[in-house]
Amino acid sequence: MRSTRRALAAVVGAAALLVASACGTGEDDDSTAAQVEVFTWWAEGGEKAGLDALVSRFTTACPGQQFSSGAVAGGAGVNAKQVLNARLQQNDPPDVFQVHAGAELLDHIDSGQIEDLSAEFSTWGLTGTLPAGLIETITVNGKLWSVPVGVHRANVVWTNDQVLADSGILTAPKTLKEFIGNLGRLRRNGVESPLALGRDWTQLMLLESVLISDLGPKRFTGLFTGATKWEGEAVADAIDDYATVLGFSNADRDSLDWPQATRLLADGKAGYQMMGDWVGAELEAASFSGYDSFTFPGNGKAFQWLADSFALSSGAANPAGGRCWLQTVASPEGQQAFSVQKGSIPARTDAPTIGFSDYQLAASADWKSGVAVPSCAHGSACSQPWQNAANAALGAFSTSEDKAALQSALAAAAKQFVRQG
Ligand code: BGC
């Protein structure tokens, strides 16, 4: 319980840092250790495996500190973020918490909820080892606010090769039109829901991929800076295409989280799933190997990125323990161990790639050579309130199918939440 943890941290405090403890795992009960509450939404499958890899390194690197999981399940942090915000408002913060790098940090910074980590960035070897574009997105008011652990790609389609082969589909579609053609072919062959999809935020991801295909990376990125208008024909046409693709998805989409949609794919109920590259780790964790993946058709070299990072709460009960967690997260070995399990690529460019899958090696190369575009659903492009508004608009469209209402809700959200410069 929180109060017990606070008391423990206060009593043991800095002295515990000096105690060389040999805890077996981070969850072991060590009554002499100071607890470090790490708040995430990684509660099961490939996500938990990634977290566990960090915990095991933390346990070795931070004697006297004990990992305490504050995980709240729910894809993209939909549930966790609500719990976190309530706790931050009640002045009951976890020591460190997961947050997406980029615009998602802004409200936490504005509210004084997280610490400036600029000095630690150079001590921990992060200066010069993170891509310049990533550093730019976590620099606000000239300061650095969170430690990125891994980069994921959002605009990926995952396949069930057997389901596709049964309909004679043996190659990846190159264009959106071809993709829609394949979806139709699957349905004609008796696959009722060719595209596995989940709730609101997964639908936003699908719309974003369609927008990248239809508008191109530059105009897509402009939607989140004010340079591209949400009103008008270009976005209306993309919404038409989105509605067509959505029509090939499972009818129960609004009640599913992404792992349940992945299950539809693995069970052969769907031929495709559009989802970020944490799906690879999930399929591996479920021992399903009959899959493949390709960049969303028509996205070209666009690499729609998002980065998982950790921030230190301003009111952390155990800031020394929190910093030790962040230092583990910042280390090249920590990032490698995490990514092997999680399916991401390390944020640091000097992290080893031992144990990476072919997909991860290809993603690392694409991250270097591709055109980086940010994600609204995963906070690199949109602040939290903007994400909430966009998710609500997509959720409403899923039942109403009112295209004009979707476009004006998205335009209104942009008007309300866009921040210039
Ligand atoms: C996170 C990933 C996570 C995914 C699904 C994304 O927002 O960045 O780490 O695997 O959501 O929960």
Hey, what's region 272-401 come to in accessible area per residue, 1.4 Å probe, Å²? 32
What whole-number value in Å² describes the accessible area per residue of region 189-269 for a 1.4 Å probe? 38
In whole percent, how big is the carbon plus sulfur part of the accessible area of region 98-156, probe 1.4 Å, protein atoms only? 51
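Divide by every residue of the chain the summed helix terms, -39500 (n - 2.57) for each DSSP H run of at least 4, and state the resulting mean residue ellipticity at 222 nm, rounded to the nearest 500 deg cm²/dmol.
-15000 deg cm²/dmol
May I ask you to order 314-325, 406-417 by the average number of other C-beta atoms within 10 Å around their residues, highest value first?
314-325, 406-417
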Express in whole angstrom the spacing between the alpha-carbon centres of region 351-421 and region 150-188. 21
Evaluated at 10 °C and 1.306 mPa s, the Stokes-Einstein D of the chain based on the Kirkwood radius over Cα pairs, in µm²/s, stands at 72
Order TYR359, TYR272 by their accessible area, 1.4 angstrom probe, all chains in place, largest first. TYR359, TYR272
Degrees, to the nearest 10: 384-400 long Cα axis against longest axis of the chain: 30
Going through region 114-178, which trypsin sites (Lys or Arg not before Pro) have at most 15 other Cβ atoms within 10 Å and a DSSP loop state? LYS174
For the pair ALA392 and ILE109, how long in nm is the line joining their label points, each one 7 Å along Cα→Cβ? 2.5
Quick check: pseudo-label points 7 Å beyond the Cα along Cα→Cβ at LYS403 and ASP252, how many nm apart are they? 3.0
Angle check, please: helix 45-61 long axis (alpha carbons) against the longest principal axis of the chain (alpha carbons), in degrees 0 to 90, nearest 10. 20
Under 25 Å from the Cα of LYS81, which lysines turn up, not counting those fewer than eight places away in the same chain? LYS48, LYS143, LYS342, LYS415
Compute the helix-to-body angle for 319-330: its Cα long axis versus the longest principal axis of the chain, expressed 0 to 90° and rounded to tens. 50
If the only charges are +1 at each Lys and Arg Cβ and -1 at each Asp and Glu Cβ, what is the size of the charge dipole of the chain around the Cα centre, to the nearest 20 debye? 540
Ignoring ligands, DNA and RNA, what percent of the accessible area of region 172-326 is carbon or sulfur (1.4 Å)? 50
Among DSSP beta bridges lying fully in the chain, give the percent that are antiparallel, nearest 5. 65
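The values are calculated or read from the model by the stated rules, or taken from the named source; none is laboratory data. Model, not experiment: these values are computed from the prediction. All Cβ positions, even for glycine, are placed from backbone atoms using ideal geometry, and neighbour counts span all protein chains on display. Side chains included, ligands, DNA and RNA excluded: accessible areas come from the protein's heavy atoms. Shrake-Rupley method; radii C 1.70, N 1.55, O 1.52, S 1.80 Å.
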